[in-house]
Amino acid sequence: MEEPLLAAATGTGKKIGGGEESLAVREVKKQLYLAGPLVAGFLLQNLVQMVSVMFVGHLGELALASASLATSFAGVTGFSLLAGMACSLDTLCGQAFGARQHHMLGVYKQRAMLVLALVSVPVAAVWAYTGEILAWCGQDPEIAAGAGSYIRWMIPALFVYGALQCHVRFLQTQNLVVPVMLSSGATALCHPAVCWLLVRGLGLGRNGAALANAISYLANLSFLALYVRLSPSCKATWTEFSAEAFRGIPDFLKLAVPSAVMVCTRVSNELGAGRPEAARLATRVVVLLALAVGASEGLAMVLVSNLWGYAYSNEEEVVRHTARMMPILAVSLVFDGLQCVLSGVVRGCGRQKAGAFINLAAYYLAGIPSAFVLAFVWHLGGMGLWFGIMCGLVVQMLLLLSITLFTNWNKEALKAKDRVFSSALPADTAAA
């Protein structure tokens, strides 16, 4: 009873059927309104690489092994790195938007695109020698050579992906999540046709599936770029290209580098707007929602465990192994969902350094040693590797939770204000 009465007394309540809607219920509705398109957009973006691997899988076991290995290597060394660095926009753009310093969002996006393009150059150089690197690590020569060829054809996708992630974060921090979902949906809908044309129609085989990633990412980026430049919703935040994007790069890297090691919720918006209690409430709600979603996804994975393998291969051995792994993946989804939203809270507060140290400790001190012992000492194979990853996830989630529980939200709101206004352009600030 206390919360509705407080809402009524402060004028924050909302009449519903003669009663008052609590702040918590309103926050749940607000986050579901944002999270629905956000989750759909994220899944559709990741569907591109998944569909490409599915096409390759039906070319044979060697092609599937090569493409899967190349995709994993590309994710760790390139795509996750760029996506992580783009996550710094969760803090910068989110807090600037909350503080109504709208002109800074476009500057931050341009700065991020510049930095990510530069970072992509050395990553592309590594990708060019992936086959040799994998062979040196003891991988089967045929699989290593196939993976090296596949990832070289994905190099164009690397340079497009960074710019795409910057546009996605730029829009998400303004709560413009529906355009991201629609653009990703259109791309995902067309991607199978692109894959078929390159893999089967033009006879490029597995390399055609790799090139299809770049084409689909470019289409997605083009849709979002047009929306940013033409939509009235971005009129205040996109003010054309600015030389200011070339300044402040060291400060950007202070957030971007730890963000890359961490790989946001509404928390950054609320802190930027100077509403610490709203940020605290948003954190509580998003953790509960993540728990519910993770449990639902895990249940769905268990129910389709005997069928999912056929999407990648017709080989019975592959299907049986996939079915054995699905219950483990289902449990890991719950913990991964929790650590994901808690990482978003930490990024929303601009505490990327703390999150980076937690991730390093969780995976290098707990996850990897556990995976090694379970997989190679106790001979549990792939299942042991996943159990090790789950150990790292649990440690990471608990450490992030401890930081969140002891967060001083009033102090974080003041820090957000300082960060936003210290980055604003003097002329624009004076005009404002």
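The values are calculated or read from the model by the stated rules, or taken from the named source; none is laboratory data. What you see is a predicted model, and the numbers here were worked out from it, not measured in a lab. Here Cβ is always computed from backbone atoms with ideal geometry, including for glycine, and neighbour counts include all displayed protein chains.
Laid out as a table, the results:
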quantity: Scan of the stretch 140-161 for residues that are of a type in the set (Phe, Trp, Tyr) and either buried (at least 24 other Cβ atoms within 10 Å of the Cβ) or part of a helix (DSSP H, G or I) (or both), ordered by number; calculated: Tyr150, Phe159, Tyr161
quantity: The listed residue being more than 30 Å from Trp308 (Cα to Cα), surrounded by 23 or more Cβ atoms within 10 Å (Cβ to Cβ) and of a type in the set (S, T, N, Q), out of Ser88, Ser120; calculated: Ser88
quantity: Among the residues listed as Leu218, Leu224, Leu164, Leu171, the single one being surrounded by fewer than 20 Cβ atoms within 10 Å (Cβ to Cβ) and outside any loop (DSSP other than H, G, I, E, B); calculated: Leu218
quantity: Residue check for Ala236: of a type in the set (Gly, Ala, Ser) and in a loop (DSSP other than H, G, I, E, B); calculated: yes
quantity: Qualifying residues in the stretch 288-307 (those that are of a type outside the set (Gly, Ala, Ser) and modelled with pLDDT of 85 or more) - the one nearest to the chain's Cα centre (by Cα); calculated: Leu291
quantity: So Ala74, is it within 30 Å of Asp140 (Cβ to Cβ), among the aliphatic types (A, V, I, L, M) and in a helix (DSSP H, G or I); calculated: yes
quantity: Pairs, first outside the structural domain of Ser68 (by TED's automatic domain parsing) in the stretch 298-327, second among the polar types (S, T, N, Q), C-beta under 6 Å, six or more apart; calculated: Trp308/Thr322; Gly309/Thr322; Ala323/Ser305; Ala323/Asn306; Met326/Ser305
quantity: All positions within the stretch 347-373 that are over 20 Å from Ser88 (Cβ atoms) and surrounded by fewer than 20 Cβ atoms within 10 Å (Cβ to Cβ); calculated: Ala361, Tyr364, Leu365, Ala366, Ile368, Pro369, Phe372, Val373
quantity: Selection from the stretch 91-117 of residues that are of a type in the set (S, T, N, Q) and surrounded by 24 or more Cβ atoms within 10 Å (Cβ to Cβ); calculated: Thr91, Gln95
